[in-house]
1. Run a plain Debye calculation on region 1-68 (Cα atoms as equal point scatterers, no solvent) and give log10 I(q)/I(0) at q = 0.11, 0.12, 0.14, 0.16 Å⁻¹, rounded to two decimals, same order as the q list.
2. Working out 0.36 nm times the residue gap between Thr16 and Ser194, then minus their Cα-Cα distance, what length gain in nm do you get to one decimal?
3. Exposure proxy check: Thr76, Thr140 ranked by fewest other beta carbons within 10 Å?
4. Relative contact order of region 102-175: what whole-number percent is it, with Cα pairs under 8 angstrom and at least 6 residues apart?
5. log10 I(q)/I(0), Debye, Cα-only region 56-102, no solvent, q = 0.20, 0.32 Å⁻¹?
6. How big is region 105-252 by the Kirkwood estimate over distinct Cα pairs, in Å?
7. What percent does the relative contact order of region 1-151 come to when contacts are Cα pairs within less than 8 Å and at least six residues apart?
8. Hey, in the GNM for the chain with a 10 angstrom Cα cutoff, which one of Val231, Val212, Val82 fluctuates hardest?
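We did not get these values from a lab; they are worked out from the coordinates using the rules stated. Keep in mind it's a predicted model, so treat the numbers as computed, not measured. Neighbour counts run over all protein chains shown; Cβ positions are idealised from the backbone, glycine included.
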Amino acid sequence: MSRRPFIAANWKMNKTVSEAVSFVEAFLPLVISVSDADIVIAPTFISLSSMASKLKGTNVLLSAQNCFYEEKGAFTGEVSPVQLKDLGCDYVIIGHSERRQFFSDTDDVVNKKIKSALKNGLKVIMCIGETLAERNGNQTFDVLKRQIVGGLKDVELKDIVVAYEPVWAIGTGVTATPEQAQEAHRFIRSEIKSLYGEGASEAVRILYGGSVTPETVDSLMLLADVDGALVGGASMKPESFSKIVGFKRFGG
Ligand code: PGA
């Protein structure tokens, strides 16, 4: 089955509102002719509103980087999926390893956030991935399985994109080798098959994330089970991110 490529920028806690808007102004003309991939940008909460007006009617979708699972109420500092949907977000990233590491997003919290996001009409980029210690301890598959089963408990798969981001490859300049990426992606697809069946597992898009650059994207996108990329550092400049969006198509 051919799955539509999905290339997403995760800006993390970078860029002011004006920097975000300048990026979009420079970036949109560079990707205007791209119609064969989903292009998504996830700025910080403060830029979402300005970005939503800039991206409306374009071929670039908007994502938040996180949300809370409650819809409203006394949760100082949090942002709800209802609010994200209202201001024009298409996606929300849930379970990024930095959230898991620094903000106690356990598999149970990830699961609650995914359910609430879907219920409120957002699509979800669910991140999973092992740490270096877990990889060295031969626990990669156990960790991925636990994160998949825990995060997706009682969840419909239709509006979910999975991002495999080995923690040791994030922001380190060390990209997983094509063999490591394909092995993990294959495993993730087989776990999804046992939960949701063959059709769903063939349809679900699995992104790779972790030090993806314009130089490494082609070899990753060639892999049978890699359907896209979630890009941090190399998504910060319009030229660099547009080159990633312009990865070499099969036969192209
Ligand atoms: P990186 O970040 O591309 O800078 O490694 C990826 C991510 O954390 O989503």
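1. Listed by q, the Debye log ratios stand at -0.26, -0.30, -0.41, -0.53.
2. Additional length available on full extension: 59.8 nm.
3. On the way: Thr76 4, Thr140 19.
Least crowded to most crowded, the residues run Thr76, Thr140.
4. Worked out over region 102-175, it gives 41 percent.
5. -0.72, -1.19
6. On the way: mean 1/r = 0.0635 Å⁻¹.
That comes to 15.7 Å for region 105-252.
7. 18 percent
8. The residue with the greatest mean-square fluctuation here is Val82.
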